[in-house]
1. Taking region 159-181 as the region of interest, how many residues are touching a Leu at 6+ places or on another chain (Cβ under 9 Å), assigned to a helix (DSSP H, G or I) and buried (at least 21 other Cβ atoms within 10 Å of the Cβ)?
2. Which of the residues belonging to region 120-154 are assigned to a loop (DSSP other than H, G, I, E, B) and open to solvent by less than 20 Å² (accessible area, probe 1.4 Å)?
3. Filter region 66-103 down to residues that are among the hydrophobic types (A, V, I, L, M, F, W, C), open to solvent by 10 Å² or more (accessible area, probe 1.4 Å) and in a helix (DSSP H, G or I) and give me whichever is farthest from residue 160 (Cα to Cα).
4. Does region 677-725 hold any residues that are modelled with pLDDT under 80 and either within 60 Å of the chain's Cα centre (by Cα) or surrounded by 12 or more Cβ atoms within 10 Å (Cβ to Cβ) (or both), and which are they?
5. Could you go through region 428-436 and let me know if any residue there is at pLDDT below 50, among the acidic types (Asp, Glu) and closer than 30 Å to residue 326 by Cβ.
6. Take the residues of region 496-514 that are out of contact with any helix residue (DSSP H, G or I) (no Cβ under 8 Å at 6 or more places or on another chain) and open to solvent by less than 80 Å² (accessible area, probe 1.4 Å): which is farthest from residue 410 (Cα to Cα)?
7. Which residue is nearest to residue 99 (Cα to Cα), if the candidates are limited to region 31-65 and must be free of Cβ contacts under 8 Å to residues at least 12 places away in the same chain, assigned to a helix (DSSP H, G or I) and open to solvent by less than 80 Å² (accessible area, probe 1.4 Å)?
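The values are calculated or read from the model by the stated rules, or taken from the named source; none is laboratory data. Keep in mind the model is a prediction, meaning the values are calculated, not measured. Positions of Cβ are generated from backbone atoms using ideal geometry, with glycine treated the same way; all protein chains shown enter the neighbour counts. Accessible surface is based on the protein model in full, side chains and every heavy atom, while ligands, DNA and RNA are left aside. Shrake-Rupley method; radii C 1.70, N 1.55, O 1.52, S 1.80 Å.
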Amino acid sequence: MSNSCVQFSNPDNLPIENVTIPVTDSGVIRHIKALDPYWVEKRDLILYERPPSGAELVLGAVDAWKSKMEGYLENLKWLLEIEQHRFWSNVLYHPTCMDMLVSFIQEANPPYITPHDSKDVQNLYGDIRRLILVIFSRLITNKESKIQWMTKEYMAELIYDNFIFTIPILWDLCLTYGADNQKHISHLMNAVFSLQPKYFNDAVQALMFVQEAFKYIILQVNKDYESDEPPNLPETFKGFGEIRRPSDSKTDKMTFNVLKDLVIHMLDTAMTLRIFVEVYPKSVEIIMKTNFVLSIVQLYEYGIPLLYEKLLEIGDETSVLYTEVEGYIDLARSELIDMLKEILAVHKNAIFSGEGSLVSNVEAYLSVMMDVLSERLLIKDYNACYPVYEDLELLKQAYPDIDTVKTDFILQAIYSNIDEPISEMPNDNSIPNGHVEMTNTTHNEPGPSTDNEIPDNVREQSLICEVKDILPHLGDGFVLKCLQHYGFNSERVINAILEDNLAESLRGLDTSLPIIPEDIVDQKYLETGIQRLNVFDGDQFDIMTRDDVDVSKIHVGKKKEKYKNFKDMLNDKTEVKSRIDIYSKYNIVCDEEAMYSDEYDDTYDSDGVAPTADQTDDPRRPFVTPRALLTGRRDAHESEESDEVEEEKPAKSKMDFCVNPEEMRARREANMQARRGRGGYRPPPPRNTDVVGKPKGQGQEKETLLNRDRKEKHKSSRGNHNRRQGAQWKRSQGMMPS
């Protein structure tokens, strides 16, 4: 009895893993599980084959492929039409069912391959492609109706233990359908990873394998690549067209086919991972866990430039294959840059949407940028396509407390490479059916970036500051000379100075050399292109470059002088009179009438004694001698008033222009006697300077103890401590030869 006649019944609406179906076989009723090899259809399920093209396109090849793939299409339709328990039984227990499904996603044309020329082939390929996606979508659908369903826990174990879904299958689905069915593939990826978390660890292992594959590609073209260890690929690895592992033999030369396999594998991997990150943003956690960003940077820095060189070395520039492979390398570069953009976009979207911790997302974004800055090529090309400055400005608005030290370092590192040419990225022109149109690309002429153009002086000053942060003792001019010699690469300058291996042309320069500004005449010549030999070049009278020349300072011919001679200039008091009002406020300038008066009494002018002012005319307070100064002088003042009578001094003649020395000495002696007192000079009593005192044991007086203490304190000014002063005094007195 054929099992196709048995009707499925589930009156209790149980999950199919718990359902048993009664089957009558030769009068015997058997209860068979809903998921059992009994329900496998005896049907020949063929594998998918790629349509013939190019050299394989012979007469009748396309028709043969169409007839075979029509049978393949019928098998897909049959698999979708059967009930859920029969569908899963055939998927699990049919020997070639999963191979039939996987064969298509493995052999399907990637997006960068143009569709087949035949419209019939395109239509048949499109129908197969659509049904394969529907079947894989059914494989993650646990409930199709009330009676046909299974629990999610059972489905999770089912798809994982039976390898229904694996990381290579998921990545092949991304590459095949991710370009034009992004939402559908995104739903499929989220369903698989949420249904079975074990795939997360599998993705980590898969990315580690990709890291080794990237290292393998680099070693195939770059023997000088510094790696800690050789790529850890399994011995059974048969990728890259089954090429050999890299060897140290110099006789092994890479062929063009091997190079093509390397490039296609790199392009497939880069495009697959870019779409994987795009449709499943949570994969960024896996990338950060494996430090996969560093592998991208290393491949871009040490692999892609050498791939161009190898292609130029072993390829024929006039052939179509050469142009095709070169286009693949360009597209791989574009995919690696877009992968980095998608990784950063995940962090930016989390920041702007408020998902998760704002601080941790900002730090994750800056951490990725710092990893990219470990090499120079990727960040330079990325900045040319997607300016980093704009992203950092948006991050500062969303998170004002962002680490400005890191952001400034990122911008300085990017701007230090702006002067170097950046190769143009190929455009991704999408076409229907999930493909990317490939144009015949030739050598792209390098062109400078126009999105981040900054003045040369600002860039130079930024690089000088970057070097002087590490070596502050160097002069700006010396640092600028070094930067010019090393292509404005601050890291190379710092390493050369620290390792003392500067170029010979820089060793003789003064390390404190300043920056000497350019001559203004040279700047004007560069701006105008006209070389002028003029004494007014660049000054305030240069009418060739200035529009605000002060014409009042320009005179034609001989200028008429204001004064005839020097005497007229001295007699001109115009400037003095114009400033009288200013100085009169401070009583510095007075009128001649107030200064010279015929009624002025100059009786006391010669002796330097001012006349006694009339108390009624003086509005100020009269001068009063302080009481402390009156003690000791009161007796002398009274004696002077009673005993001494001031004699009238004879009037001075106009010829007495000098004071008589005798009178001056007499006046000085009289003043001295007045200060000494009425009884003459009384010398002070001699001070007791005894330091010997009484004999020992009888006690000492207080004054003796004070004298000893005073002698101890001031002994440094006498005796042996003043020999130089004594010798100098003896020389001045002629007591010893000088």
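1. Final tally of qualifying residues: 6.
2. 139, 150
3. Applying the filter and picking the extreme gives 73.
4. Of everything in region 677-725, those that are modelled with pLDDT under 80 and either within 60 Å of the chain's Cα centre (by Cα) or surrounded by 12 or more Cβ atoms within 10 Å (Cβ to Cβ) (or both) turn out to be 677, 678, 722.
5. For region 428-436, residues at pLDDT below 50, among the acidic types (Asp, Glu) and closer than 30 Å to residue 326 by Cβ: present.
6. If we take residues in region 496-514 being out of contact with any helix residue (DSSP H, G or I) (no Cβ under 8 Å at 6 or more places or on another chain) and open to solvent by less than 80 Å² (accessible area, probe 1.4 Å), then 508 is farthest from residue 410 (Cα to Cα).
7. Result: 64.
Each row is one residue, and each column tells you yes or no for (1) in a loop (DSSP other than H, G, I, E, B); (2) modelled with pLDDT under 90.
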position	(1), (2)
365	no, no
371	no, no
375	yes, yes
382	no, no
392	no, no
405	no, yes
